[in-house]
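Here the structure is laid out as structure tokens; the discussion comes afterwards.
The values are calculated or read from the model by the stated rules, or taken from the named source; none is laboratory data. All figures in this text were calculated on a predicted structure; none of them were measured in a lab. Methodologically, a virtual Cβ is constructed for each residue, glycine included, from the backbone with ideal geometry; neighbour enumeration extends over all protein chains shown. Side chains included, ligands, DNA and RNA excluded: accessible areas come from the protein's heavy atoms. Shrake-Rupley method; radii C 1.70, N 1.55, O 1.52, S 1.80 Å.
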Amino acid sequence: QNVDDKQALMPAKLVTGEDAEDVAAYVASAAAKPGKDTGLLAQVGQAQTSSEPVAAKDGVLQIDADPSGQLAYVAKEATAPPGPLTIKSQNKSSTPHDIALEGNGVTGKGPVVQDGGTSEFKVTVKAGSYTLFCTVTGHRQAGMEGKLTVK
């Protein structure tokens, strides 16, 4: 092929017959084996979610959206004592998110925000389990939710 061509092609008839079939079989088998990237590229496109629960402090639970824009919060679990609670979720990404809570007869929801905004609302919680989630269409279904344990 000419160097100026937009697409370089393998020369025709470079491998023929049984050799061509062997090459095709090898390429097919190699392409079918998933690899495991252990370098920095392995984390591209993955949410940066902590396995450690976030604890409420002084009546405020801060559980931010993943700063890279992934459909996740920075933690999957949170804890808080019973009583008045302000729930805040900062979203540094351009992907719109909010935070909502349901469970034990309690519901609450903050506004949808992006580009550094904070979704915030106040509720009164009692001992038990609650679900935190994003109400933007498809986000909760994609895994943008977590558990709040009040004790």
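Here is a list: T135, T118, T86, T131. Which entry is at pLDDT 95 or above, touching a Lys or Arg at 6+ places or on another chain (Cβ under 7 Å) and closer than 13 Å to T149 by Cα? Before the answer, list the steps.
Numbers: T135 fails: closer than 13 Å to T149 by Cα; T118 fails: closer than 13 Å to T149 by Cα; T86 fails: closer than 13 Å to T149 by Cα.
Just a single option satisfies the conditions, and that option is T131.
If we keep just the residues of the stretch 80-96 that are closer than 19 Å to A55 by Cβ and polar (S, T, N, Q), which is least open to solvent (accessible area, probe 1.4 Å)?
Selected residue: S89.
Considering only residues of the stretch 31-65 that are charged (D, E, K, R) and at pLDDT 95 or above, which is surrounded by the most Cβ atoms within 10 Å (Cβ to Cβ)?
This residue is D64.
If a residue has to be open to solvent by 40 Å² or more (accessible area, probe 1.4 Å) and either of a type in the set (A, V, I, L, M, F, W, C) or within 14 Å of K109 (Cα to Cα) (or both) to count, how many in the stretch 138-151 make the cut?
Matching residues across the stretch 138-151 total 3.
Could you check I99 against (1) touching a His at 6+ places or on another chain (Cβ under 7 Å); (2) surrounded by 19 or more Cβ atoms within 10 Å (Cβ to Cβ) and say which number it fails?
Every listed condition holds for I99 apart from (1).
Filter the stretch 127-137 down to the residues that are free of Cβ contacts under 8 Å to residues at least 60 places away in the same chain and of a type outside the set (V, I, T) and list them by number.
A127, G128, S129, Y130, F133
From the set of residues in the stretch 66-79 that are open to solvent by less than 60 Å² (accessible area, probe 1.4 Å) and of a type in the set (S, T, Y), which is farthest from I99 (Cα to Cα)?
Only one residue fits best here, namely T79.
Would you please name the residue that is most open to solvent (accessible area, probe 1.4 Å), looking only at residues in the stretch 105-123 that are touching a Leu at 6+ places or on another chain (Cβ under 7 Å) and among the β-branched types (V, I, T)?
T107
Step by step: first the residues of the stretch 132-151, then only those that are of a type in the set (S, T, N, Q) and not in a strand (DSSP E or B), then the one that is farthest from A78 (Cα to Cα). Which residue is that?
T137
Considering only residues that are in contact (Cβ under 8 Å) with a residue 60 or more places away in the chain and assigned to a loop (DSSP other than H, G, I, E, B), which ones fall in the stretch 54-67? Walk me through how you get there before you give the answer.
To start, the set of residues in the stretch 54-67 that are in contact (Cβ under 8 Å) with a residue 60 or more places away in the chain comprises 61, 63, 65.
Within the stretch 54-67, just I63 meets the criteria.
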